1. Quick one: what Rg and Dmax do you get for region 291-338 from the alpha carbons, in Å?
2. Could you estimate the translational diffusion coefficient of region 93-175 from the Stokes-Einstein equation, with Rh from the Kirkwood formula over C-alpha pairs, at 10 °C and 1.306 mPa s, in whole µm²/s?
3. Starting from 0.36 nm per residue, how many nanometres of slack lie between THR337 and LEU222 once their C-alpha separation is accounted for?
4. In whole Å, what are the Cα extents of region 145-296 along the three principal axes, biggest one first?
5. From Cα pairs below 8 angstrom and at least 6 apart in sequence, can you work out the relative contact order of the chain, rounded to a whole percent?
6. What is the percent of Cα-Cα separations in region 333-426 that go past 15 Å?
7. Considering every Cα-Cα pair within region 48-102, what fraction, in whole percent, is farther apart than 12 Å?
8. Running Debye on region 201-286 with equal point scatterers at the Cα sites and no solvent, what base-10 log of I(q)/I(0) appears at q = 0.16, 0.22, 0.23, 0.26 Å⁻¹?
Amino acid sequence: MTAPPTTTSPPQADPGTPAVPDEGPARRPVRDRLAAELATTPGRLALATAVAVVACLLLAITGFLAGNSQAAALRDAQRDAAQLVGTQELRNDLVSADATATNAFLVGGLEPTEARERYEAAVSEAAQSLPALASTAQGADETGDLATVSDSVQRYAGLVESARANNRQGFPVGAAYLDQASSALRDEVLPTLDDVAVSTSERVDSDLTSVSLSQALLLFVLLGLVALAAVQLWLARRTHRRLNMGLAAATVALLVGGIVATAAVLGGNGVARSVASGPYAATVATSQALSLATDAKSMESFTLIKRGSGAEFEESYQTSVTQARDLLNEAEDAAGTRNDPLSLLDAWDEKHAEIRALDDDGQWDDAVAAATSTADDSAGAAFIAFSDAAHADVETTSTQAVDRLGSAATTAQIAAWVALVLGVAGAVAAAAGMNVRLKEYR
């Protein structure tokens, strides 16, 4: 007797056993297909093509970014350096106006026309430069500080006018007005301008640091060249053909683009460093020296105005002249040329010593006459010669600094576009050259 057939049902999964996730039929085939493609020559050629194109685009992008970012940093340094020089020149104009007004006050009555004109010219230049500086100021703090300076300058000019009016009539209160005006200038205006100058100087330093940071991007340019060279070496060994026209053209494009970008970026960094230690440093030092010497000129007059009680002003004079002399020595080292203002400062200091000798000997009238004289061999003429020479040096070195930074920025900008264009052209040439080899397997 034959046993009836039995049907075995598939085992039921234990409802308490967690289901094992399927690896996914789609994931394995993609991975496998990719591995299979790379195992073939056409697949490897496609990968090499991608590497060559990416290498070219890497140079294009990083070369453009390096040149463009450095150009921006150089232009920022150019703008901030000009702003700093303008701020110091504003300070010098105000101190010069005060020195002229103080010296003219010694004459008594109606001051000399020449002195009055110098005072008005200095105040006018200061008033005209304030709006321009405020328009290029960075941040609300600097803008607010310059607005405060503008208000204080107007108040200073008003006090000087009151001093002049009283002095013309022989009223002693005129000296009090002048003292108040000078104190307001030194206690309110000059410290504020010094704060603006410090913040601007810090920005210049930051800008110059940013210029050097662009060099880091050149590593990616080098990486692109190495990657393209590796593709060509692999292709030559694989196909036993030494030259691929597309890759050769891409290599030339990358070499030219890389050399241009590297030369511009490294050159821009060199220009920034040489400007910082050369004409820019000379400009700042000479401008500060001029401000200190001009302030010393005011102290010379106040020493006589106080008639026997001006020892503290003479001490201030000596301190300012010593500091100015040190700064002019620094400027001479930075500029690498002989410093005419330094010798002229010494000549004026000798005239000041003669004035002090007269005053110390009790010849106050003769000392005042020597201090206010406009003769060719006078102290006033010696100081004007120094001031004119210092202004000329500041103008020369500041122009050099601004022009060199601007020229380097333009060069970096051009190099950025050259690297971008050549990098893209190299990518196209590399793709075309590799496509010729891919067609041989189709």
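1. Using the Cα atoms of region 291-338, the pair Rg, Dmax is 13.4, 43 Å.
2. Values: Rh = 13.7 Å.
It comes out at roughly 116 µm²/s.
3. Values: separation 115, 0.36 × 115 = 41.40 nm, distance 4.00 nm.
Contour length minus Cα-Cα distance gives 37.4 nm.
4. Result for region 145-296: principal-axis Cα extents of 104, 26, 18 Å.
5. Numbers: 574 pairs, mean separation 131.8, N = 442.
Computed over the chain, the figure is 30 percent.
6. Working: 3171 of 4371 pairs.
Considering region 333-426, 73 percent of its Cα-Cα pairs are separated by more than 15 Å.
7. The share of Cα pairs beyond 12 Å in region 48-102 comes to 75 percent.
8. Debye intensities relative to I(0), on a log10 scale: -0.72, -1.00, -1.05, -1.18.
FYI, it's all coordinate maths here, none of it is from the lab. Everything numeric here is computed off the predicted structure, so don't read it as measured data.
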